1. Which shape class, rounded, prolate or oblate, goes with the stretch 1-54 when its Cα gyration tensor gives a ≥ b ≥ c as root eigenvalues, a/c under 1.5 marks rounded, and past that a/b bigger than b/c marks prolate?
2. Heavy atoms only, probe 1.4 Å: what % of the accessible area of the stretch 26-121 goes to carbon and sulfur, would you let me know?
3. Give the shape of the stretch 60-129 as rounded, prolate or oblate, defined through the alpha-carbon gyration tensor: a ≥ b ≥ c are the square roots of its eigenvalues, a/c under 1.5 means rounded, and otherwise the shape is prolate if a/b is larger than b/c and oblate if not.
4. Sort VAL32, VAL59 by accessible area with a 1.4 Å probe, largest first.
5. Could you tell me the number of lysine pairs in the chain with C-alpha atoms less than 16 Å from each other, where the two lysines are 8 or more residues apart or belong to different chains?
6. Let me check something: with ligands and nucleic acids excluded, how do LEU11, LEU3, LEU87, LEU110 order by accessible area (1.4 Å probe), largest to smallest?
7. How high is the relative contact order of the chain, in percent, counting Cα pairs under 8 Å that sit 6 or more residues apart?
8. Using Cα-Cα distances under 8 Å and only pairs 6 or more residues apart, what relative contact order does the stretch 1-64 have, in percent?
Amino acid sequence: MSLMDKAKAFLKSDTCRKFIRFAITGVINTLVDFVIYSLVRWITQNEYIAQTAGYFCGVINSYIINRSWTFRKEKAGFFSSQLVKFLVVNGITFGLSLGATWLFNDCLALHWVLAKLLVVAITTVVNFTLSNLWAFRKNN
(Lines give C-alpha, C1' and ligand atoms only; values in the text may rest on other atoms or scores of the structure.)
Protein backbone atom coordinates (compact mmCIF):
# COMPACT_ATOMS: atom_id res chain seq x y z
CA MET A 1 0.00 0.00 0.00
CA SER A 2 1.48 3.36 -1.02
CA LEU A 3 1.84 6.31 1.32
CA MET A 4 -0.94 8.10 -0.56
CA ASP A 5 -3.25 5.09 -0.16
CA LYS A 6 -2.46 4.99 3.57
CA ALA A 7 -3.19 8.71 3.87
CA LYS A 8 -6.53 8.30 2.06
CA ALA A 9 -7.43 5.34 4.26
CA PHE A 10 -6.61 7.34 7.39
CA LEU A 11 -8.72 10.30 6.22
CA LYS A 12 -11.68 7.91 5.85
CA SER A 13 -11.06 6.18 9.18
CA ASP A 14 -13.03 6.38 12.41
CA THR A 15 -9.89 7.64 14.17
CA CYS A 16 -9.62 10.59 11.78
CA ARG A 17 -13.31 11.47 12.26
CA LYS A 18 -12.82 11.32 16.03
CA PHE A 19 -9.73 13.53 15.83
CA ILE A 20 -11.60 16.15 13.76
CA ARG A 21 -14.45 16.13 16.27
CA PHE A 22 -11.89 16.31 19.10
CA ALA A 23 -10.30 19.38 17.47
CA ILE A 24 -13.67 21.11 17.01
CA THR A 25 -14.47 20.36 20.64
CA GLY A 26 -11.11 21.86 21.59
CA VAL A 27 -11.99 25.12 19.85
CA ILE A 28 -15.29 25.24 21.72
CA ASN A 29 -13.50 24.48 25.01
CA THR A 30 -11.04 27.28 24.35
CA LEU A 31 -13.93 29.70 23.87
CA VAL A 32 -15.61 28.51 27.08
CA ASP A 33 -12.30 28.82 28.95
CA PHE A 34 -11.69 32.34 27.60
CA VAL A 35 -15.20 33.63 28.34
CA ILE A 36 -15.22 32.24 31.90
CA TYR A 37 -11.64 33.44 32.49
CA SER A 38 -12.54 36.94 31.29
CA LEU A 39 -15.71 37.12 33.37
CA VAL A 40 -14.11 35.82 36.57
CA ARG A 41 -11.03 38.01 36.04
CA TRP A 42 -13.29 41.04 35.64
CA ILE A 43 -15.25 40.16 38.81
CA THR A 44 -12.35 39.08 41.07
CA GLN A 45 -9.35 40.87 39.54
CA ASN A 46 -7.42 37.64 40.24
CA GLU A 47 -5.92 35.87 37.23
CA TYR A 48 -5.22 32.65 39.17
CA ILE A 49 -8.82 32.24 40.29
CA ALA A 50 -9.91 33.16 36.76
CA GLN A 51 -7.52 30.66 35.16
CA THR A 52 -8.69 27.89 37.47
CA ALA A 53 -12.36 28.65 36.81
CA GLY A 54 -11.86 28.90 33.05
CA TYR A 55 -9.80 25.72 32.84
CA PHE A 56 -12.30 23.79 35.01
CA CYS A 57 -15.28 24.91 32.88
CA GLY A 58 -13.38 24.03 29.70
CA VAL A 59 -12.63 20.54 31.03
CA ILE A 60 -16.25 19.91 32.06
CA ASN A 61 -17.44 21.16 28.66
CA SER A 62 -14.86 18.92 27.01
CA TYR A 63 -16.09 15.88 28.91
CA ILE A 64 -19.72 16.49 28.02
CA ILE A 65 -19.06 17.02 24.30
CA ASN A 66 -16.37 14.35 23.93
CA ARG A 67 -18.39 11.61 25.60
CA SER A 68 -21.58 12.34 23.68
CA TRP A 69 -20.24 13.42 20.27
CA THR A 70 -16.54 12.76 19.70
CA PHE A 71 -16.31 9.29 21.24
CA ARG A 72 -20.08 8.59 21.54
CA LYS A 73 -20.02 7.12 25.04
CA GLU A 74 -23.46 7.80 26.53
CA LYS A 75 -23.92 4.46 28.32
CA ALA A 76 -22.12 5.38 31.53
CA GLY A 77 -23.63 7.90 33.91
CA PHE A 78 -22.05 11.34 34.11
CA PHE A 79 -20.26 10.48 37.36
CA SER A 80 -18.51 7.29 36.35
CA SER A 81 -15.11 5.67 36.03
CA GLN A 82 -15.05 7.28 32.60
CA LEU A 83 -15.14 10.74 34.23
CA VAL A 84 -12.30 9.76 36.57
CA LYS A 85 -10.22 8.54 33.62
CA PHE A 86 -11.02 11.71 31.69
CA LEU A 87 -9.89 13.87 34.63
CA VAL A 88 -6.68 11.82 34.96
CA VAL A 89 -5.98 12.32 31.24
CA ASN A 90 -6.57 16.06 31.57
CA GLY A 91 -4.39 16.25 34.67
CA ILE A 92 -1.57 14.52 32.79
CA THR A 93 -2.07 16.82 29.82
CA PHE A 94 -2.12 19.90 32.06
CA GLY A 95 1.15 18.80 33.70
CA LEU A 96 2.68 18.11 30.29
CA SER A 97 1.62 21.56 29.11
CA LEU A 98 3.34 23.21 32.09
CA GLY A 99 6.51 21.18 31.50
CA ALA A 100 6.54 21.91 27.77
CA THR A 101 5.91 25.61 28.44
CA TRP A 102 8.89 25.69 30.79
CA LEU A 103 11.06 23.82 28.25
CA PHE A 104 10.16 25.98 25.25
CA ASN A 105 10.08 29.32 27.06
CA ASP A 106 12.72 29.08 29.78
CA CYS A 107 15.18 26.50 28.45
CA LEU A 108 15.00 27.01 24.69
CA ALA A 109 13.93 30.68 24.79
CA LEU A 110 11.50 30.29 21.89
CA HIS A 111 9.19 33.16 21.04
CA TRP A 112 6.10 32.80 23.24
CA VAL A 113 3.76 32.38 20.25
CA LEU A 114 5.85 29.54 18.80
CA ALA A 115 6.14 27.98 22.26
CA LYS A 116 2.36 28.15 22.76
CA LEU A 117 1.70 26.60 19.34
CA LEU A 118 4.10 23.74 20.08
CA VAL A 119 2.53 23.15 23.49
CA VAL A 120 -0.96 23.07 21.97
CA ALA A 121 0.16 20.68 19.22
CA ILE A 122 1.85 18.28 21.65
CA THR A 123 -0.90 18.31 24.26
CA THR A 124 -3.65 17.89 21.67
CA VAL A 125 -2.06 14.72 20.29
CA VAL A 126 -1.35 13.32 23.77
CA ASN A 127 -4.83 14.18 25.08
CA PHE A 128 -6.55 12.68 22.03
CA THR A 129 -4.44 9.52 22.18
CA LEU A 130 -5.08 8.94 25.90
CA SER A 131 -8.78 9.82 25.56
CA ASN A 132 -9.24 7.53 22.56
CA LEU A 133 -7.23 4.57 23.89
CA TRP A 134 -8.15 4.74 27.57
CA ALA A 135 -10.70 7.26 28.85
CA PHE A 136 -13.31 6.65 26.13
CA ARG A 137 -12.17 3.21 24.96
CA LYS A 138 -15.02 1.23 23.39
CA ASN A 139 -14.75 -1.59 25.96
CA ASN A 140 -15.25 0.73 28.96
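1. prolate
2. Within the stretch 26-121, the accessible surface is 74 percent carbon and sulfur.
3. prolate
4. VAL32, VAL59
5. Number of lysine pairs found: 8.
6. Per-residue accessible area, sorted high to low, gives LEU3, LEU11, LEU87, LEU110.
7. Relative contact order, the chain: 21 percent.
8. The value is 29 percent.
The values are calculated or read from the model by the stated rules, or taken from the named source; none is laboratory data. Quick caveat, the model's predicted, so the values are computed rather than measured. With ligands, DNA and RNA removed, areas are computed over all heavy atoms of the protein, side chains included. Shrake-Rupley method; radii C 1.70, N 1.55, O 1.52, S 1.80 Å.
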